[in-house]
1. Given Arg275, Arg232, which one is surrounded by fewer than 21 Cβ atoms within 10 Å (Cβ to Cβ), modelled with pLDDT of 95 or more and charged (D, E, K, R)?
2. Does the range 26-34 contain any residue that is at pLDDT below 90 and touching an Asp or Glu at 6+ places or on another chain (Cβ under 7 Å)?
3. Take the range 136-154 and flag every residue that is charged (D, E, K, R) and either under 13 Å from Glu124 (Cβ atoms) or part of a loop (DSSP other than H, G, I, E, B) (or both).
4. List the pairs whose first member sits in the range 218-233 and is charged (D, E, K, R), whose second member is surrounded by 21 or more Cβ atoms within 10 Å (Cβ to Cβ) and assigned to a loop (DSSP other than H, G, I, E, B), and whose Cβ atoms are under 6 Å apart, counting only residues at least 6 apart or on separate chains?
5. Taking Leu76, is it at pLDDT below 90, of a type outside the set (Val, Ile, Thr) and crowded, with 16+ Cβ neighbours inside 10 Å?
6. Which of the residues that make up the range 168-206 are buried (at least 19 other Cβ atoms within 10 Å of the Cβ), more than 24 Å from Pro154 (Cβ to Cβ) and small (Gly, Ala, Ser)?
7. Name the one entry in Ala155, Ala147, Ala129 that is touching a strand residue (DSSP E or B) at 6+ places or on another chain (Cβ under 7 Å), surrounded by 18 or more Cβ atoms within 10 Å (Cβ to Cβ) and modelled with pLDDT of 95 or more.
8. So, Val192, is that one modelled with pLDDT under 95, closer than 24 Å to Gly54 by Cβ and out of contact with any strand residue (DSSP E or B) (no Cβ under 8 Å at 6 or more places or on another chain) or not?
Amino acid sequence: MASLMRLVSLALLPFLPAAVGCAGTVSTADGVDAEATTTTAVVAIERTADSTEGSRAEASARFIRITAASSAGDALHTIGAALDLPATGSCATVASLASAPVAQTSVVELLDVGEVTLRADGVETRLAARQLPDVTDVVSGVVYDRATDSALLPAATSYTVHVAGGHGLEPLEVTAAAPGDPEDVRIVGEDVAGTLVASGANIELSWSTSASAPGEPAGDIVYVDVRPNGVRCVLDGSGHGAVSTLFLDDEGTLVVHRLRREPLTARGIDSGEVRFDFARTVAYVRR
């Protein structure tokens, strides 16, 4: 009888790991632990109008696969695609925002999703795919970007983002409405040449908070970068705001931004956004 029991026990051994494994971590064939992953997408369109250097524009797209234990925000910081802003109605140095503690992120995979194109006002712009070398063993994969004439990435119009698909991501197409340039953000003391004489305690700014077209969002964020001192201020949504002249040097530049973030919702994307960041520069002299 004892011999029979030993034979039964030996016969059951091959099945025990499978039963135990149901309560543990599943391993792949090469021995690497398989973890749940999420996919985040960020498409960014940026325009800058400079009174001396002219206008420029660029677009980029990142499709990021990370382990569920990591956050999308941490992954965006890891690849340099995060936009750090202080709280609404406050200012902070850009350096302090960038140095805020970020949780350790697992390996970030930038997906090759095939051809990525943007279409606006009937003009199609194809983003160039670049292989990112995995020099840190943290980030690897493909990034998409294109610097181009600002006329090809216009303001105040509808954009269509088309992704051919690949690497486990199905083809997708999403639309988003771009805001207007921040030319209607008025600065008290700015002359017609785009130069500001700053005096007093604050620089006063005002803008319209109403939508410029039916169905267009009115909740755009207006923020200001003060150079060369590297201070960033996010103004409140009331249509009025101020930046203290204490943040100014004797002379420098204000970069006034209008920011709009629209959710990127598509099959296979767990979280994402289409980010429009349109800016204009104003030279200042402090008196």
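The values are calculated or read from the model by the stated rules, or taken from the named source; none is laboratory data. Keep in mind that what you see is a predicted model, and the values were worked out from it rather than measured. In this analysis, Cβ positions are derived from the backbone assuming ideal geometry, glycine residues included, and neighbour counts consider all displayed protein chains.
1. Among Arg275, Arg232, only Arg275 is surrounded by fewer than 21 Cβ atoms within 10 Å (Cβ to Cβ), modelled with pLDDT of 95 or more and charged (D, E, K, R).
2. Yes: the range 26-34 contains one or more residues that are at pLDDT below 90 and touching an Asp or Glu at 6+ places or on another chain (Cβ under 7 Å).
3. Of everything in the range 136-154, those that are charged (D, E, K, R) and either under 13 Å from Glu124 (Cβ atoms) or part of a loop (DSSP other than H, G, I, E, B) (or both) turn out to be Asp137, Arg146, Asp149.
4. Asp220/Pro179
5. yes
6. Of everything in the range 168-206, just one residue is buried (at least 19 other Cβ atoms within 10 Å of the Cβ), more than 24 Å from Pro154 (Cβ to Cβ) and small (Gly, Ala, Ser), namely Ala198.
7. The match here is Ala155.
8. So Val192 fits the description; yes.
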